[in-house]
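Written below as structure tokens is the structure these notes are about.
The values are calculated or read from the model by the stated rules, or taken from the named source; none is laboratory data. Here the structure is a predicted model, which means the values were calculated and not measured. Please note: Cβ atoms are built from the backbone with ideal geometry, for glycine as well, and neighbour counts cover all protein chains shown. Note: accessible area is taken over every heavy atom of the protein model, side chains too, but ligands, DNA and RNA are not part of it. Shrake-Rupley method; radii C 1.70, N 1.55, O 1.52, S 1.80 Å.
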Amino acid sequence: MPMPDLLIVGAGAAGLMAAGAACARGVQVTLLEHNPKGPGQKILITGKGRCNLTNNCDVPTFLTMVRHNPRFLYSALYTFPPAAAMDLFEGLGVPLKTERGRRVFPQSDHAADVLEALRRYAADALLVTGSAAGLMLEEGRCVGVRTADGRELRAKAVLIATGGKSYPATGSDGSGYKLARQAGHRIVSPQPSLCSLVSPDPACRKMMGLSLRNVTLTLLEDGRPVFHEQGEALFTHFGLSGPLVLSASTWIGDFSKHRYVCEFDLKPALDEKTLYDRLTRDFAALGGHSAQGALEKLLPRSMRPVAVEKWGIDPAVRAAQITRAQKQALVELCKHWQVPVTQLGDLQHAVITSGGVDCTQVDPKTMGSKLCPGLYFAGEVLDLDARTGGYNLQIAWATAQAAARAAAE
């Protein structure tokens, strides 16, 4: 096999994008992928299988949504902004649409269309199946990788695009961190991001499996709101999950320094007076029912006994006997249902990984290592992560394009 100009370790979002961009510049590329199912498996599960591939915003707005090291992305994003990503995918035959929150999806709602487009883009790259066991370093320069089965794959430049540690079944198993350490790079401890939240509230287990739709979630940090959005949430045996919760998780800082509470408005379409009037009508119509039975039109079945307990009312009280103050207390509960959270969910089921290769040791214009010539990084393996909404895939596209340009030069 002739020695390629660029060897890319990892054929996920960043790896495929870098391969396509490099091939378009006449660079000979070899892609090394260890997932036997083939390239881009994590792309297929992003955005609930629809692939939220970027966010239709300008770069200054984008940078406000990056949690760690936004300034590092300045050059890469201005060179390859969301608009460029949208133009590229539409040019590759993927018509796009913009939805709530400026989220960009393929019109087909099929993530597979995005993956197929990337595969076409990178079609001139040689795909090799195998795992990188270590870097080949000669006189302080990276000249290739050794595979787990003993092969030596040499190249003029090596790009590590192995992803983070979330969803390891898709291939993101943290192997890139080992390679980076071999070249002297520091790894910022990987943490889950866009993940479920753990709660000590026993009510969560009592309601596990219950999905709340069209509710608003406000994340309180020491009583101060830091996130507020409407959507879906899910109670689990350990706490909370679902799209709203994953979005809120990226606003959580240090649990040892702050107290966090997820506060749900179960009836966001109704103000407090309207909800009170509705309860008055319900309780009048169901006057002979118990307090719990009187909630049948208000709350899901598994939530009713928990609500009665949190409400603090005698379960034997009949609906017709419920006082004005008790109705007001129920209104307060429905509009401010609080669930304390004490830790993030596990890394394996997080959507993305926070942490990774220390960005201070990487050139932000080229994605090249400052410690080891011939070595580059792109995508989630770097200590870069953003909030939900297509930002993280855009980071993969922009850093991959930067690395490909540098390798071509």
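Table: residues versus (1) open to solvent by 40 Å² or more (accessible area, probe 1.4 Å); (2) touching a helix residue (DSSP H, G or I) at 6+ places or on another chain (Cβ under 6 Å); (3) part of a helix (DSSP H, G or I); (4) under 14 Å from Pro340 (Cα atoms).
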{"site": "Ala233", "(1), (2), (3), (4)": "no, yes, no, no"}
{"site": "His237", "(1), (2), (3), (4)": "yes, yes, no, no"}
{"site": "Ile252", "(1), (2), (3), (4)": "no, no, no, yes"}
{"site": "Phe255", "(1), (2), (3), (4)": "yes, no, no, yes"}
{"site": "Leu275", "(1), (2), (3), (4)": "no, yes, yes, no"}
{"site": "Thr280", "(1), (2), (3), (4)": "yes, no, yes, no"}
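Hey, any hits in the stretch 215-224 for a residue that's within 23 Å of the chain's Cα centre (by Cα) and under 30 Å from Thr366 (Cα atoms)?
Filtering the stretch 215-224 for residues within 23 Å of the chain's Cα centre (by Cα) gives 215-221.
If we keep only those that are under 30 Å from Thr366 (Cα atoms) as well, we get none.
There is no residue in the stretch 215-224 that is within 23 Å of the chain's Cα centre (by Cα) and under 30 Å from Thr366 (Cα atoms).
Search the stretch 383-409 for residues being farther than 11 Å from Ala14 by Cα and of a type outside the set (Gly, Ala, Ser), and hand back the single one that is most open to solvent (accessible area, probe 1.4 Å). Before you say what the answer is, go through the steps one by one.
Step one: list which residues in the stretch 383-409 are farther than 11 Å from Ala14 by Cα, which gives 383-391, 405-409.
With of a type outside the set (Gly, Ala, Ser) added as a condition, the list becomes 383-385, 387-388, 391, 405, 409.
Values: Asp383: 18, Leu384: 6, Asp385: 1, Arg387: 37, Thr388: 45, Tyr391: 6, Arg405: 46, Glu409: 180 Å².
Out of the qualifying residues, it is Glu409.
So which of Val331, Val351 ends up being under 30 Å from Leu240 (Cβ atoms), in contact (Cβ under 8 Å) with a residue 60 or more places away in the chain and either crowded, with 24+ Cβ neighbours inside 10 Å or in contact with a helix residue (DSSP H, G or I) (Cβ under 7 Å, 6 or more places away or on another chain) (or both)?
Details: Val331 fails: in contact (Cβ under 8 Å) with a residue 60 or more places away in the chain.
Selected residue: Val351, the only one of Val331, Val351 that is under 30 Å from Leu240 (Cβ atoms), in contact (Cβ under 8 Å) with a residue 60 or more places away in the chain and either crowded, with 24+ Cβ neighbours inside 10 Å or in contact with a helix residue (DSSP H, G or I) (Cβ under 7 Å, 6 or more places away or on another chain) (or both).
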- Note on the structure: Within the stretch 49-72, the residues that are touching a Pro at 6+ places or on another chain (Cβ under 7 Å) and assigned to a helix (DSSP H, G or I) are Val59, Phe62, Leu63, Phe72
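Picking from Arg100, Arg25, Arg119, which residue would you name as being open to solvent by 60 Å² or more (accessible area, probe 1.4 Å) and touching a Lys or Arg at 6+ places or on another chain (Cβ under 8 Å)? Walk me through it before giving the result.
Details: Arg100 fails: touching a Lys or Arg at 6+ places or on another chain (Cβ under 8 Å); Arg119 fails: touching a Lys or Arg at 6+ places or on another chain (Cβ under 8 Å).
Of Arg100, Arg25, Arg119, the one residue that is open to solvent by 60 Å² or more (accessible area, probe 1.4 Å) and touching a Lys or Arg at 6+ places or on another chain (Cβ under 8 Å) is Arg25.
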- Residue within the stretch 181-204 that is closer than 17 Å to Tyr376 by Cβ, open to solvent by less than 20 Å² (accessible area, probe 1.4 Å) and out of contact with any Gly (no Cβ under 8 Å at 6 or more places or on another chain) present: yes
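So that you can scan it fast, the table gives a plain yes or no per residue for (1) over 30 Å from Cys334 (Cβ atoms); (2) over 23 Å from the mean Cα position of the chain (by Cα):
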| position | (1), (2) |
| --- | --- |
| Ile160 | yes, no |
| Ser175 | yes, no |
| His185 | yes, yes |
| Pro192 | yes, no |
| Cys195 | no, no |
| Val198 | no, no |
| Arg205 | no, yes |
- Query: Can you find a residue in the stretch 356-373 that is in contact (Cβ under 8 Å) with a residue 24 or more places away in the chain, farther than 23 Å from Lys156 by Cβ and either among the acidic types (Asp, Glu) or not in a helix (DSSP H, G or I) (or both)?
  - Reply: yes
- Test Val308 against the stated conditions and say whether it is buried (at least 20 other Cβ atoms within 10 Å of the Cβ), aliphatic (A, V, I, L, M), out of contact with any Asp or Glu (no Cβ under 8 Å at 6 or more places or on another chain) and not in a loop (DSSP other than H, G, I, E, B). yes
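With respect to Val245, is the statement that it is modelled with pLDDT of 95 or more, within 18 Å of Gly389 (Cα to Cα), surrounded by 16 or more Cβ atoms within 10 Å (Cβ to Cβ) and of a type in the set (Val, Ile, Thr) true? Before you say what the answer is, go through the steps one by one.
Values: modelled with pLDDT of 95 or more: yes; within 18 Å of Gly389 (Cα to Cα): yes; surrounded by 16 or more Cβ atoms within 10 Å (Cβ to Cβ): yes; of a type in the set (Val, Ile, Thr): yes.
The answer is yes for Val245.
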